[in-house]
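> The structure that follows is given in the form of structure tokens.
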Amino acid sequence: MDVTTILGIAIAFGLILGGQALEGGHVGSILQLTAALIVFGGTIGATMVAYPRKEFVRGMKLLRLAFTEPRSDLAALTAKLVDFASVARRDGVLALEARLAEIGDPFLRRALQFVVDGVDANVTRSTLEAAIDTDYEENAAGAKVWESAGGFAPTIGILGAVLGLIHVMENLNDPSKLGGGIAVAFVATVYGVGAANILFLPIATKLKRKLGAERDRKTLVTEAVLSIQEGLNPRVLEERLRAFTGFEAAPAPGGAAQKAA
Amino acid sequence: MDVTTILGIAIAFGLILGGQALEGGHVGSILQLTAALIVFGGTIGATMVAYPRKEFVRGMKLLRLAFTEPRSDLAALTAKLVDFASVARRDGVLALEARLAEIGDPFLRRALQFVVDGVDANVTRSTLEAAIDTDYEENAAGAKVWESAGGFAPTIGILGAVLGLIHVMENLNDPSKLGGGIAVAFVATVYGVGAANILFLPIATKLKRKLGAERDRKTLVTEAVLSIQEGLNPRVLEERLRAFTGFEAAPAPGGAAQKAA
Amino acid sequence: MDVTTILGIAIAFGLILGGQALEGGHVGSILQLTAALIVFGGTIGATMVAYPRKEFVRGMKLLRLAFTEPRSDLAALTAKLVDFASVARRDGVLALEARLAEIGDPFLRRALQFVVDGVDANVTRSTLEAAIDTDYEENAAGAKVWESAGGFAPTIGILGAVLGLIHVMENLNDPSKLGGGIAVAFVATVYGVGAANILFLPIATKLKRKLGAERDRKTLVTEAVLSIQEGLNPRVLEERLRAFTGFEAAPAPGGAAQKAA
Amino acid sequence: MDVTTILGIAIAFGLILGGQALEGGHVGSILQLTAALIVFGGTIGATMVAYPRKEFVRGMKLLRLAFTEPRSDLAALTAKLVDFASVARRDGVLALEARLAEIGDPFLRRALQFVVDGVDANVTRSTLEAAIDTDYEENAAGAKVWESAGGFAPTIGILGAVLGLIHVMENLNDPSKLGGGIAVAFVATVYGVGAANILFLPIATKLKRKLGAERDRKTLVTEAVLSIQEGLNPRVLEERLRAFTGFEAAPAPGGAAQKAA
Amino acid sequence: MDVTTILGIAIAFGLILGGQALEGGHVGSILQLTAALIVFGGTIGATMVAYPRKEFVRGMKLLRLAFTEPRSDLAALTAKLVDFASVARRDGVLALEARLAEIGDPFLRRALQFVVDGVDANVTRSTLEAAIDTDYEENAAGAKVWESAGGFAPTIGILGAVLGLIHVMENLNDPSKLGGGIAVAFVATVYGVGAANILFLPIATKLKRKLGAERDRKTLVTEAVLSIQEGLNPRVLEERLRAFTGFEAAPAPGGAAQKAA
């Protein structure tokens, strides 16, 4: 479970509605079926027009990733890769075959399969890199679906506001209908701006950052697997992999950027 | 037929007009010839100024692509390419000549023709890549026509709104003409914002994504054809081509990004 | 004469003013000397501050290019280059010297002069590429002048609007002056938004696209001239040059992106 | 202590509140708990949704860097590196081992350790560069947290303003509540725009510039350490390192760009 | 003296104030100490927060460059470089030593010093290129200070406007104070939008273009000096340097882009 996503949504909606209540406003006054139909209908429609079906569906499925925490423990992964390197150096790469079944991460298993099968290192590298790129591009297209929704929502909100104001203008003589029109107008703006800035755009950003971290993780696996095939010394491999997680994260004698002299 | 394009437009217009009707608004109140002339006339004019005739025409022709589904079945394509690789390895590349006539895809046919003609691999690669780039750039220019239209429409809508308000100001003494001016003002905004966000910008995005997929498909064909010329083992070719469609799409023992450990 | 530029401006202004007239508005009500002085004076001034004199002047001179059609017939150019390649292959590159005088395109003539002079191919390539880049960059700077004008105009329009409203505020007690202030305010917005979206930004886009096409044409010439120097087979050269104009443009057995399988 | 950060905040808030006071406004009229809850709650929530926990925390920790001055004296660093080069050239790289303990900068110490350990130059370079990139990317993600907060705050401010106006509309009959609603509306805008433009966005920019300078410093160290391993002449090394700090900064016989002929 | 900068500012302010006067407005009505304190105080403060002290100071110093014309006569420079090439070819590079003292341009003098000192060409190239990059990056950071000021000013102007309107709301019962508040509100917008669009952003653009031209000039010098070291024929060098200034600028038999066939 991704704590910041859930806590962030709770804080944003809680404090906004809380502030509203504090001032004596009713939550009911910002619940407007008409405004919701216009803003969310228009946004969903525009986003469907913008993306091919496959990418739209992927965007919907990726929503789950925004709320879950991927188990990407780089320290444990590094330890496992160094262990495989020791096995390969001691007993040959074929000895890794017995270990394949115990690997939960499908990318690592496929990558090691290339080594066990004795595929040429250049082919392994280009194949793994092509797969990393393709998987990232396709998932990133799903994240862009949310970014586009975040771009459309505020303007569709304004469209709803103007539609509401036109309705108000038509009923200037009938003050009883005036309030309704203005309410739709303002609430449509609130829905468009709020959905974009508290949900759609932040979710798009979180998805992109998690997909980027996943891509970095796979690049680390690729480097490690190619080093294992080369028969690199496990200790040197450990040093190289540590650089991929940065020096500042490591228990170094000193530390953060601001202390550097 | 591209389901998401048609469904998206239906959902967006249906729910926006439905919401409007629910509140008691008449559809007639947002049908305004004057506003339409100003917004669409201005947008079409600005877009014509912005693009050379060839690119403007291409943009208009590309509209069809936004509503149709290209038949790009990558699995079938991969199977066909692997089959050609088997033929070439068994009977030589000249044996592919007999198969050329049955190929429906003009790019694949042209690419294989290079192999059959025994053109040097470097020339084949540079020629095919230049053609892919040129075709993509020219089509992308057509997609940019829609993006520019989506950029001009809302501001021309505001221009129409201000023109309407000027008209209102001139007739402050004649309340009967007041409504008309305000209606043009607001409806022009609705037309500009709506056309940009529900039609022009989403269509531009969909065109760019489909053109990108087509370019990726041609790159896959280029890689495959060059591998066939090299006499690559069909099984290895199959593995390489699968990487171009990503590991996550393949029936792998595991799966999506969020399950990776 | 660039038809789309002239037709686009005519359509945009025609339909906007036509719509305005249809509603009973007078063209005179949007002719405001004060607003014009503020918006166009401010925009010209800001653009002059933004660009060095040489680039500002080049931007002014480039305006002509937005209204004229460059005679870049790529098919005729390709034919001529293939013809030169035949001559060079048959009679040697020196035989091209006699043809130099008949070449109207100064870039092609200079490029062939390098070949006739027997300059080293690497020097020819790097010199021609440097010249293409420099010429493009300098012309593109001129196109950016229009883009900047299109960025400044709407905000200067708002500045004019606010100045007009300040004037209105000062004369709240004298209703006869009220109309004038509001008119300047609104008309300044119309001028700023209209000039930017119907003239400045579209003209900048058209200039950039034409300059890009001219750069592509010169790149084609460079490739061809270097191939002629190499003594490449004219038929192979023809194939290579055709790739630079794209496969889809060629009379291929099939066609557009959406038909690919 | 970073003088410009602290002075800048003081000047901005001082002059804005001073101007406000000069006109007779009370500071109290822009202190609004409700507006603060909505704007800051919404912004914090949206930013938490947008970033993984690790990056959000890093963003918070980086705030300290915006207010402190890193001690990056490039002249002293260059002198130290040239000194190490002299030692290495005279007594061999192992002689540097004794100096490692006195080095305060952890990156320099780690880099020299590679040299002392006799690691292959290519491995040293790729490892150090990977570490520089990873450390920069991770810190830059923290700076982006502030940039995103600066992007969300103004729109959440508008959301707060519209919520306030809805409240006003509901209480049109009760003029005593009218003022409160309008105040929340306007103050929410002030909070959103002010926090974004005086704090969040400027802090993001400052963090990015300091992180960029730190990355440049580490790149300088990497180049120097590799030159030391190569046994480069200390005087030539000094010249090369000076180029990394630019010619204009150096006491050259002439000077700034505008004097060049 | 940079004519376009000074003339541009004069035209912009002259015509805007002239238009204002024409309509009967007083210049005095847009002179508002309070608005100036808020807008310029807030903008200066925000910009100081955004940039490290060194870069902020450099930005201030660069202001001079926006108003002065660098004496970069590329034709004279080319002639001088070709002359040096002749000297070096005839009498050897050491003969250039006597000429060093007469060179006014510090970059050219330093670059030739490398040649005279017999430094290896690769070291000369990498050192000069590093210095060009560093000097450009550091000056460009100063130009970005103005760009950021141009980004902050309009929003701080809106902040000032909202503060003024809050003040108006508080004094609705006292009409005599009403005008003052609205004036601050509107004038703050004028200051923010005007300063950004007539001064800050155009100055940032001009600085960037001049710094870019200076970088191109230094790149030209670098290429020339390395060619001199190589002993390139002065006539060939002249041809190469001419390409760096573009073919279109040269007295070619034909001309501008739009005439090409």
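> Can you find a residue that is at the interface with chain A (Cβ under 10 Å from one of its Cβ atoms), modelled with pLDDT of 90 or more and either outside any loop (DSSP other than H, G, I, E, B) or over 30 Å from A:ASP2 (Cα atoms) (or both) anywhere in segment D:86-98?
No, there is no match, as no residue in segment D:86-98 is at the interface with chain A (Cβ under 10 Å from one of its Cβ atoms), modelled with pLDDT of 90 or more and either outside any loop (DSSP other than H, G, I, E, B) or over 30 Å from A:ASP2 (Cα atoms) (or both).
> Go through (1) open to solvent by less than 70 Å² (accessible area, probe 1.4 Å); (2) at negative phi; (3) touching a helix residue (DSSP H, G or I) at 6+ places or on another chain (Cβ under 9 Å) one by one and return the number of the condition D:GLY28 breaks.
Checking D:GLY28 against (1) open to solvent by less than 70 Å² (accessible area, probe 1.4 Å); (2) at negative phi; (3) touching a helix residue (DSSP H, G or I) at 6+ places or on another chain (Cβ under 9 Å), the one that fails is (3).
> Among the residues of segment E:106-131 satisfying the criterion of being aliphatic (A, V, I, L, M) and open to solvent by 10 Å² or more (accessible area, probe 1.4 Å), which is nearest to the chain's Cα centre (by Cα)? Can you show your working first?
To start, the set of residues in segment E:106-131 that are aliphatic (A, V, I, L, M) comprises E:108, E:111-112, E:115-116, E:119, E:121, E:123, E:128, E:130-131.
Next cut, open to solvent by 10 Å² or more (accessible area, probe 1.4 Å) only: E:116, E:119, E:121, E:123, E:130.
Values: E:VAL116: 33, E:VAL119: 33, E:ALA121: 31, E:VAL123: 30, E:ALA130: 21 Å.
The selected residue is E:ALA130.
Table: residues versus (1) more than 26 Å from B:ALA35 (Cα to Cα); (2) in contact with a strand residue (DSSP E or B) (Cβ under 8 Å, 6 or more places away or on another chain); (3) of a type in the set (D, E, K, R); (4) modelled with pLDDT under 95.
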{"site": "C:ASP2", "(1), (2), (3), (4)": "yes, no, yes, yes"}
{"site": "C:GLY8", "(1), (2), (3), (4)": "no, no, no, no"}
{"site": "C:ALA21", "(1), (2), (3), (4)": "no, no, no, yes"}
{"site": "C:GLY28", "(1), (2), (3), (4)": "no, no, no, yes"}
{"site": "C:GLN32", "(1), (2), (3), (4)": "no, no, no, yes"}
{"site": "C:THR47", "(1), (2), (3), (4)": "yes, no, no, no"}
{"site": "C:PHE56", "(1), (2), (3), (4)": "yes, no, no, no"}
{"site": "C:LEU62", "(1), (2), (3), (4)": "yes, no, no, no"}
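> Hey, among A:ASP83, A:ASP117, which residue is out of contact with any helix residue (DSSP H, G or I) (no Cβ under 7 Å at 6 or more places or on another chain), at pLDDT below 90 and on the phi < 0 side of the Ramachandran plot?
A:ASP117
> Could you identify the single residue in A:LEU237, A:LEU241, A:LEU201, A:LEU232 that is under 25 Å from A:ARG64 (Cα atoms), of a type in the set (A, V, I, L, M, F, W, C), touching a helix residue (DSSP H, G or I) at 6+ places or on another chain (Cβ under 8 Å) and within 11 Å of chain D (Cβ to nearest Cβ)? Give the derivation first.
Numbers: A:LEU237 fails: under 25 Å from A:ARG64 (Cα atoms); A:LEU241 fails: under 25 Å from A:ARG64 (Cα atoms); A:LEU232 fails: under 25 Å from A:ARG64 (Cα atoms).
Only one candidate qualifies: A:LEU201.
> While we're looking at this one, here's another question. Only residues that are more than 9 Å from chain B (Cβ to nearest Cβ) and either under 22 Å from the mean Cα position of the chain (by Cα) or within 21 Å of A:MET60 (Cα to Cα) (or both): list them for segment A:137-171, please.
A:ALA140, A:GLY142, A:ALA143, A:VAL145, A:TRP146, A:GLU147, A:ALA149, A:GLY150, A:ALA153, A:PRO154
> Further question: At pLDDT 95 or above and more than 22 Å from the chain's Cα centre (by Cα): is that true of A:GLY41 in this structure?
Considered against the rule, which asks whether it is at pLDDT 95 or above and more than 22 Å from the chain's Cα centre (by Cα), A:GLY41 comes out as yes.
> Being open to solvent by 10 Å² or more (accessible area, probe 1.4 Å), farther than 27 Å from B:LEU7 by Cα and in contact with a Phe, Trp or Tyr (Cβ under 7 Å, 6 or more places away or on another chain) is the filter here; which residues of segment B:34-68 pass it?
Of everything in segment B:34-68, just one residue is open to solvent by 10 Å² or more (accessible area, probe 1.4 Å), farther than 27 Å from B:LEU7 by Cα and in contact with a Phe, Trp or Tyr (Cβ under 7 Å, 6 or more places away or on another chain), namely B:MET48.
> Restricting attention to segment E:177-189, does a residue exist that is open to solvent by 10 Å² or more (accessible area, probe 1.4 Å), at pLDDT below 90 and more than 10 Å from chain C (Cβ to nearest Cβ)?
Yes - at least one qualifying residue is present in segment E:177-189.
> If I ask for residues that are crowded, with 19+ Cβ neighbours inside 10 Å and more than 18 Å from D:PHE84 (Cα to Cα), which ones from segment D:209-243 would you list?
Correct list: D:LYS210, D:LEU211, D:GLU214, D:ALA243.
> Going by the structure shown, is C:GLN20 buried (at least 21 other Cβ atoms within 10 Å of the Cβ), within 30 Å of E:GLY25 (Cβ to Cβ), within 11 Å of chain E (Cβ to nearest Cβ) and not acidic (Asp, Glu)?
No; evaluated as a whole, the condition is false for this residue.
> Here is a further query. Taking only pairs six or more apart or across chains, which ones have beta-carbon atoms under 7 Å, a first residue in segment A:52-78 that is closer than 17 Å to A:LEU199 by Cβ and more than 9 Å from every other protein chain (Cβ to nearest Cβ), and a second residue that is modelled with pLDDT under 90 and open to solvent by 40 Å² or more (accessible area, probe 1.4 Å)?
A:PHE67/A:MET1
> For D:ILE103, which of the numbered conditions (1) open to solvent by 70 Å² or more (accessible area, probe 1.4 Å); (2) in a loop (DSSP other than H, G, I, E, B); (3) free of Cβ contacts under 8 Å to residues at least 60 places away in the same chain fails to hold?
(1)
> Please list, ordered by first then second residue, the pairs with beta carbon atoms under 7 Å, 6 or more apart or interchain, first in segment C:1-15 and facing chain B (nearest Cβ under 7 Å), second open to solvent by 70 Å² or more (accessible area, probe 1.4 Å) and of a type in the set (Lys, Arg).
Filtered contacts from segment C:1-15: C:VAL3/B:ARG53; C:THR4/B:ARG53.
> Quick one: which residue in B:ALA36, B:ALA79, B:ALA46, B:ALA12 is assigned to a helix (DSSP H, G or I) and more than 24 Å from B:GLY160 (Cβ to Cβ)?
Exactly one residue qualifies, and that residue is B:ALA79.
> Pairs only if they're at least six apart or on different chains, beta carbon under 8 angstrom, first in segment A:216-230 and basic (Lys, Arg), second modelled with pLDDT of 90 or more; list them, first residue then second.
A:ARG217/A:LEU77; A:LYS218/A:PHE107; A:LYS218/A:LEU128; A:LYS218/A:ILE132; A:LYS218/A:ASP135
The values are calculated or read from the model by the stated rules, or taken from the named source; none is laboratory data. What you see is a predicted model; the values in this text were computed from it and never measured. Positions of Cβ are backbone-derived with ideal geometry, glycine not excepted, and every protein chain shown enters the neighbour counts. Accessible surface areas use protein heavy atoms only, side chains included; no ligands, DNA or RNA. Shrake-Rupley method; radii C 1.70, N 1.55, O 1.52, S 1.80 Å.
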